[in-house]
Amino acid sequence: MSVSSSRGAAARPNGAPQTKVCQFKLVLLGESAVGKSSLVLRFVKGQFHEYQESTIGAAFLTQTVCLDDTTVKFEIWDTAGQERYHSLAPMYYRGAQAAIVVYDITNQDTFGRAKNWVKELQRQASPSIVIALAGNKSDLAAKRMVETEEAQAYADENHLLFMETSAKTAVNVNDIFLAIANKLPKSESVGGGAAGGGRRLADGEPPRAGGCCK
Amino acid sequence: MSEDHCRFAATTYFAKNHPGETCGSNGLPLTPSSITILGRAQKLLTINHTNLCTYLDVIREKHERIIVVSEVGGKPLKDLNYKLSYENISNVGRQVSSALEYLHEMQFTHRTLAPDNILLDEQNRVKLFNYGMFYMTGGGSDVSFPLGLPKYLSPETILNGGGPSSDVWSLGIILLELCLGTLWTNLKPGPVLRRILTLVHSNNAPERIAREHDCYDKYMKIPENLRNIIEKCLKMMPSERATPSELVEEFSQVPCTEVLEAPPPRGLAGCRLQFVYHWWQLAGGDVLAELKTQGLVKNSPPILSMPVAVLLDGCTLGGKTPALFDRRVAHYTLDRLRARLAHVPPAHFHPLMHEPRHTGDAVSLPRIIRERDTEYQFYRILWFQRLLDGYPHTADLIKQEAATDIPPLLRAAVWAALLGVRGDVKDQYERVDKETPTPTDRQIDVDIPRCHQYSWRLAGGGAHAALRRLLKAWLATHPPAVYWQGLDSLTAPFLYLNFCDEARAFACLSAFIPAYLHQFFLKDNSQVIREYLAKFRQTAAYHEPALAAHLADIGFVPELFAIPWFLTMFSHVFPLHKIFLIWDALTAGGARLPLALGAALLRRLRGLLLGAGFNECILLFSDLPEVDIPGSVEDALEMSRKTPPSISYRRFANQPPVTDPLDMVEIPLDALLTETSPRISIRDVVTLVQEDRCTVVDIRSNLLFEKQCVRGSINMPYSGVQLGTRELRGPGGEALRRAGARGTTLVVAGDEDAAAVLVSTDTSGDPGGAGAGGRGALGTTLVVAGDEDAAAVLFSDYLVKCGVARVCVLHGGLGALHTHAPGLFTQRVA
């Protein structure tokens, strides 16, 4: 993985002069143990841990992907899934340009929870946020409880990107991040993306939510 | 090898392989059989009975190999080259019955009882060896070889059933064999089993066996009462057989050879076997290496074990595989350990409380070496055991000793003592409802299979069930606390250490949380956590000002990385062996230590953090690099020692409320969140000033200062500094730099709090070290003191930004200090 610390096109070595570098803040949401951390780990490091430990608070990782004429750098906030940590979530999705809402295809409840997250994002997050729905653990198709058609229909209805993924076998993991990168508006955030707001956490607006609670 | 030199021995076998890669219903891989076996075997390690060889260790090796280490003593009945008298046969019967009685009471079935695992020593003492095979292998389901020798199996066992009473059958056959001589000598296992099953047709199995062997006369010569017992053991219907307890009773009516009472052994032989085994390992004893030397483990080139074919489901065909089960027993000699401890005088094996203590030479070496030093651990373990035997009367002594270090072998018991666990914890735990389903169960169930799973002890099904019970028990007994993710990690170390004593694990957890994490697990814990993180930020500013200022500049607040640190007391952040080091210090050092430890961890990462921006910082914490934990713990202890107590005051700590204005440092939470430096109480300042361990930085105008001031204080008028800058300039700057260099606490003091920050000094600091403006004061506290709090708070922030260490604000300002301790002030100039 390459984590580029450069923020402008000018600083990018070997890049074609017209290459744009965009930074986007992406947040992962969903019930606990659906595989959020595993998706990020697969995307960022190409690894998979059977016994991925639970996430407390949140974890942060970055990854850069190259599209035709643009380099997209994702700043990924991987959040805790437990309902109790819900009050921390706004601190992470505030100012995010993209979100992946994850559920577990072998568990119907997690799909319900995913729908709630979508609703919350539509209500509270930035109106232009790109939301993707990921039905994870597609390698466990034999134990499937959420039908692909059902999820697809829900995604279409709500204008979400949708893919069934497997962090374990890497199916559709890079694809869903690439699909998001493609859908994000790149024009505004050329060369550091002042309008992007992806660095709000860093740029003088430290989150003050504090604590783990409502 | 003489018997005296071999007190333990090992056996080895292979657990069953799961064919191919298969997943459980939760999508996670199946637990390897060897791990399941190890989990079960932990219970065997707690068995203590005079007729049972104590299990010492169960080890998992490559390729699902299991090694079982156990006490050994005497000779197997199989190897006796003389015939036992009827009295001695009854003696064997009595002691075996007593062992079986105990095992059955503990819900163990032996199943593999045979003359090769009944040991008889010269004192006529009988001990059963390797009686846990059936139990640890889940009734044989985790191994792919049959258990037990065919001729000792009961008929119902052969027909694939049978409970504890089949052990009584086996005993009956063994007793009969001791009376008549070896049975079914020339038969292969198949015919033997057939013979046993045909006994169904007879009313009197032993008699029929005797007739089959043409020794009916010999049978009739067995004393009647012994013969009756054998007949009661060999009843065809399991329900008609005598129970071990009845047998013990029956044997008490029969003439038996007495066990010769030897005088209690002295020296190494008198020490607990678990201790001896531990020291033996420290002295270089290697279970596996010995097995290799003695030929029980053989290495062959991999090419020889390659399968001929692999089926699609992962099953393999052909290829040379080593024997799955080896009946042989490897004996270990204690010679090396004896040599290592040869110079220890006999009296040292029994340390007395009032005598001066011996520690060996390693006492001054680093802890990691002390933990591996045979002699040091020898003295340490004996001494701690002595103290633990006297607990709770020795609680203070234990605490005192634990501050040095805790012997790893006794960690579970020592922690329990340090946490004040006492009373009938077993009964308390048994009363708790651990089963009733609650809405939290799903969360617990998804968290447990990923909690410290690299540890085999916590990875098996038994461990998962135990962790679940512990969590449910704690939640059930501590309303209104709720399950927060992280509670699982917090519980895991206690379960790991008290694997076979869930009640003690529960008691430790129940004592640990109120002491270190009071109110952290409330449904609404936001105030508690915000206060804790604010104190952490202030602690970091106090000890590491430059770093704290940098992190504040880039907006890298503790909320983003430190919640898992403190919510789980680092148990979610580090692997178990590091948690043990940290918690050793924590349990001995008290509730103030975690904040210092957080600051110590930041200090270790200082180089990386200072050069990093926001993203790099947070990446660093998402994937924490290798940190020197023993070093950090040392730093934290040092910081904690040098920090005046009021500085780490928390409103939500589990302490009686402060009522004396001299001790008061509490301010509203909103104010706390904005202040860079911690506040210090008047009492602490008085103490520090009297001991010359702090410097008061008086930020009032020099007019007021000259009128009257704290003796030895520095005047640095608030109006004389440029708060926005990051350089120590203006009047008093030089003096402050010198005070800082002395390493004292700097107390900033104004008229009231607003104007005061205090800087304190500690003589142990580096006298010629960097100035206060640089990396900061090394040992003392700077107390900033002024007329009003607000100015002092701003001033302290300025000092921290200038990189001055050990800055704190005098709570209440100089006015309050003067009211309570006028003696500290210079006389008013007339």
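The values are calculated or read from the model by the stated rules, or taken from the named source; none is laboratory data. Please read all numbers here as calculations on a predicted model, not as lab measurements. Here Cβ is always computed from backbone atoms with ideal geometry, including for glycine, and neighbour counts include all displayed protein chains. Note: areas computed on protein heavy atoms with side chains; ligands, DNA, RNA excluded. Shrake-Rupley method; radii C 1.70, N 1.55, O 1.52, S 1.80 Å.
The figures follow:
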item: Degrees, to the nearest 10: B:86-105 long Cα axis against longest axis of chain B; result: 40 degrees
item: Inter-centroid distance (Cα atoms) of the range A:53-131 relative to the range B:792-830, Å; result: 48 Å
item: Percent accessible area from carbon and sulfur atoms, the protein assembly as shown, protein chains only, probe 1.4 Å; result: 53 percent
item: Chains A and B together, accessible area buried on both sides, 1.4 angstrom probe, square angstrom; result: 3800 Å²
item: For the range B:76-251: rounded, prolate or oblate by the Cα gyration tensor [a/c cutoff 1.5]; result: rounded
item: Förster radius 25 Å - calculated FRET efficiency between B:Leu608 and B:Asp670, Cβ distance, rounded to 0.05; result: 0.15
item: Residues whose placed amide H lies under 5 Å from that of A:Thr165, excluding near-sequence neighbours; result: A:Gly135, A:Asn136, A:Lys137, A:Ser138
item: Part-to-part distance (alpha-carbon centres) for the range B:480-524 and the range B:45-113, which is given in Å; result: 37 Å
item: For the range B:343-422, accessible area per residue (1.4 Å probe, heavy atoms of protein chains only), Å²; result: 49 Å²
item: Stretch gain in nm, segment B:Ala515-B:Glu240, where the contour uses 0.36 nm per residue and the Cα spacing is subtracted; result: 93.4 nm
item: Gain on full stretching of the segment that runs from B:Gln294 to B:Asp116 - 0.36 nm per residue minus C-alpha separation; result: 62.2 nm
item: Spin-label pair B:Thr687/B:Arg431, simplified geometry with 7 Å Cα→Cβ offset, distance in nm; result: 3.9 nm
item: Computed label-point distance, nm, for sites B:Gln708 and B:Ser252 using a 7 Å Cα→Cβ extension; result: 8.7 nm
item: Aspartates and glutamates whose Cα lies under 17 Å from that of A:Lys168, excluding same-chain neighbours fewer than 8 positions away; result: A:Glu50, A:Glu53, A:Asp104, A:Asp139, B:Glu21
item: Degrees, to the nearest 10: B:487-497 long Cα axis against longest axis of chain B; result: 50 degrees
item: Gyration tensor verdict on the range B:526-643 (Cα atoms; rounded if a/c is under 1.5, prolate if a/b is larger than b/c, oblate otherwise); result: rounded
item: Interchain or long-range residues, amide H under 5 Å from B:Val297's placed H; result: B:Lys292
item: For the range B:248-308 versus the range B:621-667, the gap between their alpha-carbon centres in whole angstrom; result: 48 Å
item: Anisotropy class of the range B:425-516 from Cα gyration tensor, a/c 1.5 cut; result: rounded
item: Two-site label geometry, B:Val344 and B:Ala465: point separation in nm, points 7 Å out along Cα→Cβ; result: 3.9 nm
item: Calculated FRET efficiency for the pair B:Glu105/B:Thr440, C-beta based, R₀ 35 Å, to 0.05; result: 0.50
item: Long pairs among A:Lys36/A:Lys115; B:Lys151/B:Lys298; B:Lys151/B:Lys292; B:Lys62/B:Lys578; B:Lys535/B:Lys578, criterion Cα-Cα beyond 20 Å; result: B:Lys151/B:Lys298; B:Lys151/B:Lys292; B:Lys62/B:Lys578; B:Lys535/B:Lys578
item: For B:556-569, mean number of other protein chain Cβ atoms within 10 Å; result: 4
item: Principal-axis tilt of helix B:576-589 within chain B, Cα atoms, nearest 10 degrees; result: 60 degrees
item: Residues in the range B:608-627 that, when all protein chains are in place, have 30 Å² or more less accessible area than the chain alone would give (probe 1.4 Å); result: B:Phe614, B:Asn615, B:Ile618, B:Leu619, B:Ser622, B:Asp623
item: B:Thr198/B:Asn160 FRET efficiency (R0 25 Å; Cβ-Cβ; nearest 0.05); result: 0.90
item: Accessible area expressed per residue, the range B:76-251, with surrounding protein chains retained (probe 1.4 Å, Å²); result: 42 Å²
item: Chain lengthening between B:Lys78 and B:Ser364 when straightened (0.36 nm per residue, less Cα-Cα); result: 97.8 nm
item: Solvent-accessible area per residue, Å², over the range B:438-534 with all protein chains present [probe radius 1.4 Å]; result: 29 Å²
item: Under 5 Å, built H, 5+ apart or other chain: amide partners of B:Glu544; result: none
item: Residue pairs, from the table B:Lys188/B:Lys218; A:Lys119/A:Lys183; A:Lys119/B:Lys472; B:Lys16/B:Lys75; B:Lys78/B:Lys188; A:Lys20/A:Lys183, whose Cα atoms sit over 23 Å apart; result: B:Lys188/B:Lys218; A:Lys119/B:Lys472; B:Lys16/B:Lys75
